[in-house]
Amino acid sequence: MDSRTIAFIIRRVIYAIFTLLILIVFIFTLIHIIAPNPLALARLYAGNPHASQSELIGIEKKYGLNLPIYDQVINYIKDVFTGNLGYDYLHDQPVLKLISEYLPITLEFVLTGIVLSVIIGLFTGAYAAARRRKPADYTIKGIYLATWSMPTFLLAAVLQLYIAYDLKLLPATGMVDPTLKPPPNVLAFPLLNAIYAHDWIYASSVIHHMILPTLSVALLSFGVITRLTRSTMLDIMDMDYFRLTIMKGIPRRHAVYHVALRNAAIPLVTYIVLAFAYAMGGAVVIEDIFSYHGMGYYIVQAVYNLDYPGILGTTIIIAVAVIVANLVADILYGILDPRVRLE
């Protein structure tokens, strides 16, 4: 790795940290507008509008809520960078511990959905490019435009209504059959825990409940991958080296799927990383619809109960996911395209 690449990565890391700091300051400012005095802030920290005066005063002293806002921001930034996201009085647990329990549940179906969306997007994009301006091309375009333009809640609700309630093929809500005893939490992820414990009945139930949320993520994400794959492949297929490949006698099908698709997949790396970050945001709505108790469930409950430490902690985690995803995408794009490093 040359010095120019290292300098490029360092710049992007600095930009990412600076973005996170701005976000923290913005959230603190917004919260102080909502609750302009220390006791009102303490009530948000408590997550209980009926907390006693003594409890509020104790929280106020513990978190220094009577300090100037800039002191509070500096203290919280220090806590964030040392792994302390505060204490959730509503659940009587540290926020970071709650996130470590809920986040793997969300990651399990989000990551699976992203992988599925990449597979579907690459295949449909390549198939559409190989049949440019034919009925199959227009059909694929119509499908991905329909799913891409649908709001998250509407797509998830349609899948739930049709597949779960009308066809009764899959469970409509929940993460697993509530009558089953969960295996020991060794690997954090419910499905991996079941596989590790060789509890195939529990694993099967987790998979059945995970299909609809996973499919929601995949259908929301595959459209852009399809479009990018198709447009990139069409550009490649119009280039001289691709035409030369055909002239050498290589079958067109082989040239399309092994030459054009392989080269078209490289620029998609950056979008796939970003798709994960966007899917994490959409997971909040998906989990609420399917009653899937992951990170989205925790966020919704925190908002409903005005659980300020929970709201702030989960916002920071999602922001970090988006910022890191953008950082990784920038670095990958800079490595794949050296021209970017010259900017």
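Could you look through segment 91-108, keep only residues that are under 17 Å from VAL217 (Cβ atoms) and aliphatic (A, V, I, L, M), and pick out the one that is surrounded by the most Cβ atoms within 10 Å (Cβ to Cβ)?
Restricting to residues being under 17 Å from VAL217 (Cβ atoms) and aliphatic (A, V, I, L, M), the top hit is ILE105.
Counting only residues that are within 18 Å of ALA319 (Cα to Cα) and touching a Gly at 6+ places or on another chain (Cβ under 9 Å), which one in segment 283-295 is most open to solvent (accessible area, probe 1.4 Å)?
So the first thing to find is which residues in segment 283-295 are within 18 Å of ALA319 (Cα to Cα), and the list is 283-285, 294-295.
Cutting the leftovers down to touching a Gly at 6+ places or on another chain (Cβ under 9 Å) gives us 283-285.
Numbers: ALA283: 2, VAL284: 33, VAL285: 55 Å².
Going through the qualifying residues, I end up with VAL285.
Just the residues that are more than 13 Å from VAL115 (Cα to Cα) and polar (S, T, N, Q), please, taken from segment 203-236.
SER204, SER205, THR226, THR229, SER231, THR232
When the residues of segment 225-243 are narrowed to those that are within 15 Å of ASP137 (Cα to Cα) and not hydroxyl-bearing (Ser, Thr, Tyr), which ends up surrounded by the fewest Cβ atoms within 10 Å (Cβ to Cβ)? Please lay out each step first, then the result.
Narrowing segment 225-243 to residues within 15 Å of ASP137 (Cα to Cα): 225-234.
When the remaining residues are screened for being not hydroxyl-bearing (Ser, Thr, Tyr), the result is 225, 227-228, 230, 233-234.
Numbers: ILE225: 25, ARG227: 19, LEU228: 19, ARG230: 24, MET233: 26, LEU234: 16.
Of everything passing the filter in segment 225-243, LEU234 is surrounded by the fewest Cβ atoms within 10 Å (Cβ to Cβ).
Just checking, which of ALA164, ALA172, ALA146, ALA156 is under 26 Å from GLY281 (Cα atoms) and crowded, with 21+ Cβ neighbours inside 10 Å?
On the way: ALA164 fails: crowded, with 21+ Cβ neighbours inside 10 Å; ALA172 fails: crowded, with 21+ Cβ neighbours inside 10 Å; ALA146 fails: crowded, with 21+ Cβ neighbours inside 10 Å.
Exactly one of ALA164, ALA172, ALA146, ALA156 is under 26 Å from GLY281 (Cα atoms) and crowded, with 21+ Cβ neighbours inside 10 Å, namely ALA156.
What are the residues in segment 112-136 that are surrounded by fewer than 16 Cβ atoms within 10 Å (Cβ to Cβ) and touching a residue at least 60 places away in the same chain (Cβ under 8 Å), if any?
Answer for segment 112-136, where residues must be surrounded by fewer than 16 Cβ atoms within 10 Å (Cβ to Cβ) and touching a residue at least 60 places away in the same chain (Cβ under 8 Å): just ARG132.
If I ask for residues that are among the aliphatic types (A, V, I, L, M), modelled with pLDDT of 90 or more and open to solvent by 40 Å² or more (accessible area, probe 1.4 Å), which ones from segment 187-218 would you list? Give the steps one after another, and end with the answer.
Within segment 187-218, the subset among the aliphatic types (A, V, I, L, M) is 187-188, 191-192, 194-195, 197, 201, 203, 206-207, 210-212, 215, 217-218.
Add one more test, that the residue is modelled with pLDDT of 90 or more, and what stays is 191-192, 194-195, 197, 201, 203, 206-207, 210-212, 215, 217-218.
Hits for segment 187-218 are LEU192, ILE195, ALA197, ILE201, ILE207, ILE211, LEU215.
Here is a check on your reading of the model: is ALA264 touching a Phe, Trp or Tyr at 6+ places or on another chain (Cβ under 9 Å) and either more than 25 Å from LEU327 (Cβ to Cβ) or not basic (Lys, Arg) (or both)? Steps first, please.
Numbers: touching a Phe, Trp or Tyr at 6+ places or on another chain (Cβ under 9 Å): no; either more than 25 Å from LEU327 (Cβ to Cβ) or not basic (Lys, Arg) (or both): yes.
Against the criterion (touching a Phe, Trp or Tyr at 6+ places or on another chain (Cβ under 9 Å) and either more than 25 Å from LEU327 (Cβ to Cβ) or not basic (Lys, Arg) (or both)), ALA264 does not qualify.
Just checking: which of the helices (runs of 4 or more DSSP H) contained wholly in segment 112-215 hold 2 or more residues that are under 14 Å from ILE289 (Cβ atoms), among the β-branched types (Val, Ile, Thr) and out of contact with any His (no Cβ under 9 Å at 6 or more places or on another chain)? Write out each step before concluding.
Working: elements: 135-149, 152-159, 190-196.
The qualifying helices (runs of 4 or more DSSP H) are 152-159.
Which ones in segment 301-328 are open to solvent by 20 Å² or more (accessible area, probe 1.4 Å) and of a type in the set (Val, Ile, Thr)?
Going through segment 301-328, the residues open to solvent by 20 Å² or more (accessible area, probe 1.4 Å) turn out to be 301, 303-306, 311, 315, 317-318, 320-324, 326-328.
VAL303, ILE311, THR315, ILE317, ILE318, VAL320, VAL322, ILE323, VAL324, VAL328 - these are the residues of segment 301-328 that are open to solvent by 20 Å² or more (accessible area, probe 1.4 Å) and of a type in the set (Val, Ile, Thr).
Of the numbered conditions (1) touching a Ser or Thr at 6+ places or on another chain (Cβ under 8 Å); (2) farther than 20 Å from PHE109 by Cα, THR270 satisfies every one except a single condition; which is it?
(1)
Within segment 62-77, can you find the residues that are among the basic types (Lys, Arg) and touching a helix residue (DSSP H, G or I) at 6+ places or on another chain (Cβ under 7 Å)?
To start, the set of residues in segment 62-77 that are among the basic types (Lys, Arg) comprises 62.
None - no residue of segment 62-77 is among the basic types (Lys, Arg) and touching a helix residue (DSSP H, G or I) at 6+ places or on another chain (Cβ under 7 Å), so the list stays empty.
ALA264 - would you say it is touching an Asp or Glu at 6+ places or on another chain (Cβ under 9 Å), assigned to a helix (DSSP H, G or I) and among the aliphatic types (A, V, I, L, M)? Don't jump to the end; show me each part of the working.
On the way: touching an Asp or Glu at 6+ places or on another chain (Cβ under 9 Å): yes; assigned to a helix (DSSP H, G or I): yes; among the aliphatic types (A, V, I, L, M): yes.
Yes, satisfied.
Starting from segment 195-224, take each residue that is free of Cβ contacts under 8 Å to residues at least 24 places away in the same chain and list its partners that are in a helix (DSSP H, G or I) and open to solvent by less than 40 Å² (accessible area, probe 1.4 Å), counting only C-beta distances under 7 angstrom and pairs at least six apart or across chains.
Correct list of pairs: ILE195/ALA203; ALA203/LEU191; ALA203/ALA194; ILE207/LEU191.
Take GLN53 and decide whether it is closer than 22 Å to THR315 by Cα, among the polar types (S, T, N, Q) and either in contact with a strand residue (DSSP E or B) (Cβ under 8 Å, 6 or more places away or on another chain) or modelled with pLDDT of 70 or more (or both). Reasoning before the result, please.
Working: closer than 22 Å to THR315 by Cα: no; among the polar types (S, T, N, Q): yes; either in contact with a strand residue (DSSP E or B) (Cβ under 8 Å, 6 or more places away or on another chain) or modelled with pLDDT of 70 or more (or both): yes.
Criteria not met by GLN53.
The values are calculated or read from the model by the stated rules, or taken from the named source; none is laboratory data. Since we're looking at a predicted model, the values are computed, not measured. All Cβ positions, glycine included, derive from the backbone under ideal geometry; neighbour counts span all protein chains shown. Ligands, DNA and RNA are stripped out before the accessible areas are found, and what is left, the full protein with its side chains, is counted by its heavy atoms. Shrake-Rupley method; radii C 1.70, N 1.55, O 1.52, S 1.80 Å.
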